[in-house]
Each structure stands twice: as C-alpha cells, then as structure tokens.
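Only the coordinates and a few stated rules stand behind these numbers; no lab work does. Remember, it's a predicted structure, so these values are computed and weren't measured experimentally. Quick reminder, even Gly has a Cβ in these numbers, built from the backbone with ideal geometry, and neighbours come from all protein chains shown.
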Amino acid sequence: MRNMSVFAKERKQASAIYQPAGKKITSGHDAFLKQLGRAFYAAMIITYAQGMALLVVASAKYKYQLDLEAVARIWRGGCIIRAALLEDIRAAFRLKRDLPNLLLDPDLS
C-alpha cells in the first residue's frame, strides 16, 4: 500500500476494498499456520502487484505497449517465477486490460 499511496485514484479505490486488520492472533498452532500461509500468499500478490504497476508506468512512459496478460503468460510458461498465481494475474488482466493495479482486482483483493 505504501507503493500505491502516491496514486490518489488507486489509493481511494483500495481504501474501499481493504480495512485495517488490528486483530490479535489468539488461535491455536494449526490456525496460526493457516493464517501465516494466507499472509504469505497476500505478500506474493502485493509483490506482483507492485511489479506489474511499475510495468504499467514504464510501458506508458516509453511507449512499450505491454500486454500484461501476455507478460504473465510468458512468465508462467518459461521463467524462473512460474508461480500458479500468475494464472490469476492473467485472468485479472484478461478481464480488465487497463487494470492499474492488481490489488484493485476483485478476485485478487
């Protein structure tokens, strides 16, 4: 969210989607591990969101005309970062080609 904070429009959209957590973990070991796994997954989505947002800016500035759905497909098919999450990222950009940030996609948020 720190990265997104400089983009007023996206920041306002995100504030409608995300609420502050503020919960103390009081569950047992297994529940804690499940929450930790979900937190890690969220961190991976945030990492991809920041990288893709940077590609959007670079594409606009340098007129690359990047197709981010195609970028995710290429990364998924033959790169060291073949994460299954890239299929969800592809779907997000397939549905909304002008998506400014993955954190604004309803399925990934």
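Can you divide the C-alpha Rg of the chain by 2.2 N^0.38 Å and report the result to two decimal places?
Output field value: 1.18.
If the chain between Met44 and Lys12 were fully stretched, how many nm would it gain, using 0.36 nm times the residue separation less the Cα-Cα distance?
Separation in residues times 0.36 nm, less the Cα-Cα distance, equals 9.3 nm.
Would you mind putting 51-59, 88-96, 8-16 in packing order, based on average other-beta-carbon counts within 10 Å, highest first?
88-96, 51-59, 8-16
Restricting to DSSP H runs of at least four residues, report the calculated mean residue ellipticity at 222 nm for the chain, -39500 (n - 2.57) per run over all residues, nearest 500 deg cm²/dmol.
-20000 deg cm²/dmol
Quick check: the angle from helix 29-62's long axis to the longest principal axis of the chain, C-alpha only, nearest 10 degrees?
20 degrees
Compute the angle between helix 68-78 and the longest alpha-carbon principal axis of the chain, please, reported from 0 to 90 degrees and rounded to the nearest 10.
Taking the Cα atoms of the chain, the angle to 68-78 is about 70 degrees.
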